[in-house]
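Peer 1: The structure follows.
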Amino acid sequence: MGQKGSRKIRRINSDTLILTDVVILEGKRVKKEKLVKLNPERLSWTNTYLAGPSKLSQFLYEVVAEGASRSRLDFTGLQVYYGKAPSPARIDEISKRLVEEDSGMWELLAQEMANDLA
């Protein structure tokens, strides 16, 4: 994702894993641990933060068919904030930043998938 860091993947069973990411954010080492639960029947997965600044936040991703050769990715995010609740303007700002970051991650993943197919 263009960040310095590392990722460790621990498989719990065939549809559950724990991702442990260590990244450098604003000069500080930040550890993020996520529980990922796959749902192949629905082409979906949940991502629940177990540790890090977004602890207990949960995200749902679902691939939805749009015809024979197209699909889209639906995303629902439930972000937990600790401390004073942000203002509506700050929530809008954070939401836009998170959409940009997440979209960038998916673009990089799509590029890597295309490279694998080439």
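The values are calculated or read from the model by the stated rules, or taken from the named source; none is laboratory data. All of these numbers come straight from a predicted model, not from anything done at the bench. Cβ atoms come from the backbone with ideal geometry, glycine included; neighbour counts cover every protein chain shown.
Peer 1: Condition (residue is of a type in the set (K, R) and farther than 21 Å from V99 by Cα) applied to region 39-49: is it met by at least one residue?
Peer 2: yes
Peer 1: Residues in region 78-93: is at least one surrounded by 15 or more Cβ atoms within 10 Å (Cβ to Cβ) and under 17 Å from the mean Cα position of the chain (by Cα)?
Peer 2: yes
Peer 1: Of the residues that make up region 77-93, is at least one of a type in the set (S, T, N, Q) and either under 22 Å from K37 (Cα atoms) or at pLDDT below 80 (or both)?
Peer 2: Checked region 77-93: at least one residue is of a type in the set (S, T, N, Q) and either under 22 Å from K37 (Cα atoms) or at pLDDT below 80 (or both).
Peer 1: Being surrounded by 15 or more Cβ atoms within 10 Å (Cβ to Cβ) and over 21 Å from S103 (Cα atoms) narrows it down to one residue among L17, L60, L56; which is it?
Peer 2: L17
Peer 1: Also: So which pairs qualify, if the first residue must be in region 26-53 and within 15 Å of G77 (Cα to Cα) and among the acidic types (D, E), the second must be surrounded by 13 or more Cβ atoms within 10 Å (Cβ to Cβ) and modelled with pLDDT under 90, the Cβ gap must be under 7 Å, and the two must be at least 6 apart or on different chains?
Peer 2: Every condition considered, no pair remains.
Peer 1: Within region 100-118, identify whether any single residue is in contact with a strand residue (DSSP E or B) (Cβ under 7 Å, 6 or more places away or on another chain) and aliphatic (A, V, I, L, M), and answer yes or no.
Peer 2: no
Peer 1: Looking only at residues in region 94-103 that are within 11 Å of the chain's Cα centre (by Cα) and not hydroxyl-bearing (S, T, Y), which one is surrounded by the most Cβ atoms within 10 Å (Cβ to Cβ)?
Peer 2: So, considering only residues that are within 11 Å of the chain's Cα centre (by Cα) and not hydroxyl-bearing (S, T, Y), the one surrounded by the most Cβ atoms within 10 Å (Cβ to Cβ) is D102.
Peer 1: So which residues in region 20-71 are at pLDDT 90 or above, basic (K, R) and under 16 Å from the mean Cα position of the chain (by Cα)?
Peer 2: Matches in region 20-71: K34, K37, K55.
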